[in-house]
Amino acid sequence: MSAVERSASQEILNKVQDDPNYKKMSSKPFKFKQFSIDQDRCAMKIGTDGVLLGAWSSLGHHPEGILDIGTGTGLIALMMAQRSDASLIDPLEIEDNAYEQAVENFEKSDWGDRLFCYHAGFDEFVEEMQDEEKYDLIISNPPFYSEDYKTGNENRDQARFSDALPMAQLIEGASLLLSNNGNLDIIIPFSEEINAIEIGKNYNLFPGKITRVRGTKESPIKRSLISFSFKKTNPKIDELVLEISRHNYTEEFRELVKEFYLNL
């Protein structure tokens, strides 16, 4: 999980999520092409970041074991189950309601036999599991905001703020659980990219691929998708633009998420 400053877009998101119409909408399952997700008891709802990471993460090394840190609704773990033949997919979630709902979402999917959700904090999980078999892919859509601002919703704050799991703790822990040829894939605010790369170096994790995400061609870069490994190479860096105009999505974005969103 990760960190960064409060933004105007987060203020809007908080207002939207407190709106009764939004709450009514979020009480309905979010349907993807091959699975659906209930999210009414989860503090953080399904968003573009999670879908981006789950679709972008490379499975070219054919991971046998996958760990999803901070699974929330279970979205990314389910995307990994749809995309891969991994025999072991371990989602991890500390918040009670999110854990229970993720388990229910896994059980009603076609891949429940490959998804085992752990109810624990990342620190205790690392302590218990670091001497076990390593993961070939560790993936996380971590909490973003590091300053003292809080929403007033304790569960949402825990799900979304870096004090729940600081970036350094995420990367250090991942380095202890990752196989020699494995990848650590995360999505973070662009403003945290340099910090994450510097922390990674401390644990011999280096970026192999970085995709920077813009809302539109004219808008500033908002997110960084980063794939770390123990191999020190010159990273492949590119950009992804999501929209041409409002709800008019670019062909690159459509191609990336076409196996998941119903209307793309």
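It is to be established whether one or more residues within the range 113-132 are assigned to a loop (DSSP other than H, G, I, E, B), free of Cβ contacts under 8 Å to residues at least 12 places away in the same chain and more than 18 Å from ILE187 (Cβ to Cβ). Yes. Note on the range 168-201: residues that are buried (at least 17 other Cβ atoms within 10 Å of the Cβ), of a type in the set (Val, Ile, Thr) and outside any strand (DSSP E or B) amount to 3. Taking every residue in the range 202-220 that is closer than 19 Å to GLU251 by Cα and pairing it with any residue that is crowded, with 17+ Cβ neighbours inside 10 Å and β-branched (Val, Ile, Thr), at least 6 positions away or on another chain, the pairs with Cβ-Cβ distances below 6 Å are ARG214/VAL241; LYS217/VAL241.
Reported count of residues in the range 30-52, each being closer than 27 Å to GLU124 by Cα, among the aliphatic types (A, V, I, L, M) and buried (at least 22 other Cβ atoms within 10 Å of the Cβ), is 1.
Within the range 53-74, the set of residues being in a helix (DSSP H, G or I) and in contact with a Ser or Thr (Cβ under 9 Å, 6 or more places away or on another chain) comprises LEU53, TRP56. Looking across LEU256, LEU176, LEU165, one residue alone is within 18 Å of LEU67 (Cβ to Cβ) and at pLDDT 95 or above. It is LEU176. Each residue in the range 98-110 was checked for being among the small types (Gly, Ala, Ser) and part of a helix (DSSP H, G or I), and 2 pass. Among all residues of the range 141-156, there is none that is modelled with pLDDT of 75 or more, surrounded by 18 or more Cβ atoms within 10 Å (Cβ to Cβ), out of contact with any strand residue (DSSP E or B) (no Cβ under 7 Å at 6 or more places or on another chain) and in a helix (DSSP H, G or I). Pairs are defined by a Cβ separation below 6 Å, a sequence spacing of at least 6 or placement on different chains, a first member in the range 39-56 that is in contact (Cβ under 8 Å) with a residue 60 or more places away in the chain, and a second member that is basic (Lys, Arg) and in a loop (DSSP other than H, G, I, E, B); the pairs so defined are GLN39/LYS45.
Hey, could you check the range 250-263 for residues that are without any contact (Cβ under 8 Å) to a residue 40 or more places away in the chain and under 21 Å from the mean Cα position of the chain (by Cα) and say which is surrounded by the most Cβ atoms within 10 Å (Cβ to Cβ)? Once the filter is applied, the top-ranked residue is PHE253.
Annotation: of all residues in the range 225-249 being closer than 17 Å to ASP185 by Cβ and among the aromatic types (Phe, Trp, Tyr), the one that is surrounded by the fewest Cβ atoms within 10 Å (Cβ to Cβ) is PHE230.
Inside the range 75-97, residues that are assigned to a helix (DSSP H, G or I) and more than 14 Å from SER140 (Cβ to Cβ) make up a count of 6.
The values are calculated or read from the model by the stated rules, or taken from the named source; none is laboratory data. All figures in this text were calculated on a predicted structure; none of them were measured in a lab. Please note: Cβ atoms are built from the backbone with ideal geometry, for glycine as well, and neighbour counts cover all protein chains shown.
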